[in-house]
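I have placed the structure first, in the form of structure tokens, so that the comments after it can refer back to it.
The values are calculated or read from the model by the stated rules, or taken from the named source; none is laboratory data. What you see is a predicted model, and the numbers here were worked out from it, not measured in a lab. Methodologically, a virtual Cβ is constructed for each residue, glycine included, from the backbone with ideal geometry; neighbour enumeration extends over all protein chains shown. Ligands, DNA and RNA are excluded from the accessible area calculation, which covers all protein heavy atoms including side chains. Shrake-Rupley method; radii C 1.70, N 1.55, O 1.52, S 1.80 Å.
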Protein chains: 2
Amino acid sequence: MQPYNFFFCHLGVPRDVLDQSRKFKRESAQSRREALVQGTLELIAELGISGATVREIAARAGVTQGLIRHYFSSKDELIQAAYEHHMNRLTDQTAAFAGDGSAVSRLRNFVEASLRPPIVDPGAVALWAGFLNKVQHDPKMQHVHRRTYAYFRDHLETLIVAALHEVGQPVDDGEGQRLAIACNALIDGLWLEGGALPDAFGEGQLAQIGLTSVSAIIGLELTNKGEQPCG
Amino acid sequence: MQPYNFFFCHLGVPRDVLDQSRKFKRESAQSRREALVQGTLELIAELGISGATVREIAARAGVTQGLIRHYFSSKDELIQAAYEHHMNRLTDQTAAFAGDGSAVSRLRNFVEASLRPPIVDPGAVALWAGFLNKVQHDPKMQHVHRRTYAYFRDHLETLIVAALHEVGQPVDDGEGQRLAIACNALIDGLWLEGGALPDAFGEGQLAQIGLTSVSAIIGLELTNKGEQPCG
DNA sequence: GAAGAAATTATACGGTTGCATAATTACGCG
DNA sequence: CGCGTAATTATGCAACCGTATAATTTCTTC
């Protein structure tokens with residue numbers, strides 16, 4: 001980087017390469033926030049809400065605790081940001097699995113992805129539960145929860161309506177919403193139980209039950225065996 | 001503190017009737033434990049897990065904090081007892097609503113009761129979420145969770161199998177279990193959303209969606225309108 | 001290369017927490 | 001009635017929490 005000379009060659013050499021005595025390195029605001037959020041999520045998932053102290057979070061992110069206050073006005077704000085990040089990642093990840101095939105196949109993939117790892121995961125459930133307890137008492141957390149819930153459910157409603165339309169069984173808005181509420185609850189419940197009791201269900205069992213039940217609720221066969229007409 | 005008196009007029013009179021200066025009253029171990037558990041539940045529901053400190057809990061129970069250690073070996077043990085109490089109450093309460101009519105009517109009542117107040121309740125959901133976060137890291141909490149989940153689901157499975165048998169559509173064990181898992185997840189999901197977003201659903205909407213969806217999943221009409229054949 | 005601004009660390013503080021221990025108090029029993 | 005014991009309170013403690021502030025270090029810019 002700096003050629004600058006031969007003798008005394010250490011003088012112009014960037015300290016961050018040679019000198020181990022550097023106290024810290026500056027990073028972009030974004031990467032520091034992400035590191036702090038990530039540390040928060042890890043700790044809540046591993047040790048529970050009470051394990052996520054500012055000191056532990058800072059240690060995970062590789063910084064000292066004072067820095068948290070430099071990027072977030074309070075610990076609560078950091079928790080909020082972590083909650084938002086977690087839920088957005090969860091929903092986006094699931095939505096990406098839907099793919100871009102037919103409406104029926106997109107719905108099938110969406111349901112199935114929601115009920116398999118990595119979406120079904122003990123850590124993710126622990127995280128979600130830890131946050132939910134705070135949702136009731138913090139208006140901002142409540143807002144994030146509302147938005148996230150609506151986001152997931154609306155996405156599901158769109159998929160359901162499109163699939164039913166595709167096979168010639170169109171439904172009106174009210175009915176579409178009711179179906180989405182029901183399927184959303186079913187998926188949430190299965191996801192929750194799969195994450196809370198990882199050993200209680202066989203591999204693929206949740207996905208299979210989910211597909212069968214969604215099919216029954218919306219009156220449209222989504223399972224593969226259903227694609228082979230038996231008459 | 002005690003003015004020691006002028007004319008001994010207090011002698012012989014039971015102190016607990018006249019003398020307000022009693023420092024405390026002895027209670028049975030059971031009632032003290034219940035009061036402490038009740039205080040714990042109230043606080044977690046109202047203020048979240050972090051609001052349930054030993055001092056606040058003791059205040060709710062009308063005692064001083066040292067007494068907690070006299071009845072529970074640690075705060076964790078109190079939390080455990082509170083969790084167990086809460087879940088048992090929830091399941092027993094729901095089961096009682098089923099009544100003793102026909103199998104189909106018992107199932108209908110069970111589903112409906114699970115999706116209406118007082119079972120659907122923000123406080124109960126906050127409570128449940130607060131505990132769930134601890135379940136993953138505490139083996140004893142995990143045991144309570146397993147038992148409670150199995151209890152509720154088995155009860156539901158019994159009702160479903162009986163109802164299907166009653167209408168001449170018997171199912172084998174494996175299928176009964178699958179149906180119970182699905183319906184349990186559906187009910188849990190609806191219960192959760194109803195408690196977490198109290199204003200998002202109209203009165204009776206959750207129960208209606210729940211009945212319709214359970215009917216679709218198990219292939220047996222439970223709603224009233226279904227009892228009036230339309231053609 | 002010096003200077004100034006911004007990022008980061010270092011240190012300190014008041015409050016709270018769970019827990020332990022000692023001092024009181026109530027109550028059953030002879 | 002008095003005495004012993006167990007229930008209950010009172011007090012204290014060490015650790016930890018979140019936050020504030022001052023002191024350093026890094027990096028950019030001229």
Rounded accessible area of A:SER114 (nearest 10 Å², 1.4 Å probe): 0 Å²
Charge context of B:GLY39, other residues only, Cβ under 13 angstrom, K/R +1, D/E -1: +1
Let me know the mean shielding of A:187-200 by other chains, meaning the per-residue number of their Cβ atoms within 10 Å of its Cβ. 5
Working from the alpha-carbon coordinates of segment A:25-72, get Rg over Rh, Rh being the Kirkwood radius. 0.96
For A:ALA129, the net charge from surrounding residues (Cβ-Cβ under 14 Å; K, R +1; D, E -1) works out to -4
Whole-Hz couplings from phi, Karplus 6.51/-1.76/1.60, listed for segment B:155-162; x for Gly and Pro: 4, 4, 4, 4, 5, 5, 4, 5
For peptide A:96-107, compute the average count of partner chain beta-carbon atoms within 10 Å of each residue's beta-carbon. 0
Is there a pair in A:LYS134/B:LYS140; A:LYS134/B:LYS134; A:LYS75/A:LYS140 whose C-alpha atoms are over 18 Å apart, and which pairs would that be? A:LYS134/B:LYS140
Calculate one ³J(HN,Hα) per residue across segment B:170-187 by plugging θ = phi - 60° into the Karplus curve 6.51 cos²θ - 1.76 cosθ + 1.60, and present them in order as whole Hz with x for glycine and proline. x, 10, 7, 4, x, 5, x, 5, 4, 4, 5, 4, 5, 5, 4, 4, 4, 5
Could you give the distance between the Cα centres of segment A:135-192 and segment B:63-86, to the whole Å? 40 Å
Environment charge of A:LEU78, counting only residues whose C-beta is closer than 14 Å and scoring Lys/Arg +1, Asp/Glu -1: +1
Which FRET efficiency value, to the nearest 0.05, do you get for A:GLU46 and A:ASP92 by plugging their Cβ-Cβ distance into 1/(1 + (r/R0)^6) with R0 = 22 Å? 0.45
At R0 = 41 Å, FRET efficiency that the Cβ-Cβ distance of B:ASN224 and B:HIS137 yields, to 0.05: 0.35
Residue-normalised accessible area of the protein assembly as shown, given per residue in Å² at a 1.4 Å probe: 53 Å²
In nm, what does the list of distances from B:ALA150 to its counterparts in the other copies look like, shortest first, when each label sits 7 Å along Cα to Cβ? 4.2
The protein assembly as shown: C-alpha gyration tensor shape, a/c 1.5 cut-off, then a/b vs b/c: oblate
Using a 1.4 Å probe and counting only protein heavy atoms, how much accessible surface gets buried when B and A come together, both sides summed, in Å² to the nearest 100? 3300 Å²
Here FRET efficiency (C-beta to C-beta, A:LYS25 to A:VAL171, R₀ 56 Å, nearest 0.05) is 0.50
How big is the accessible area of B:HIS145 in square angstrom, nearest 10, if you roll a 1.4 angstrom probe over the protein chains? 20 Å²
Enumerate the calculated ³J(HN,Hα) couplings along segment A:105-112 in order (Karplus 6.51 cos²θ - 1.76 cosθ + 1.60, θ = phi - 60°), each rounded to whole Hz, writing x wherever the residue is Gly or Pro. 5, 5, 5, 4, 5, 4, 4, 5
If you roll a 1.4 Å probe over segment A:25-72 with all protein chains in place, what percent of the accessible area is carbon or sulfur? 48 percent
In nm, one decimal, shortest first: how far is the label point of B:ASP76 (7 Å from Cα along Cα to beta carbon) from the matching points in the other copies? 3.0
Everything considered on the Cα gyration tensor (a ≥ b ≥ c; rounded for a/c under 1.5, else prolate if a/b is larger than b/c, else oblate), chain B must be described as prolate
Across the identical copies, how the A:GLN208 labels are spaced - nm, sorted shortest first, 7 Å along Cα→Cβ: 3.6
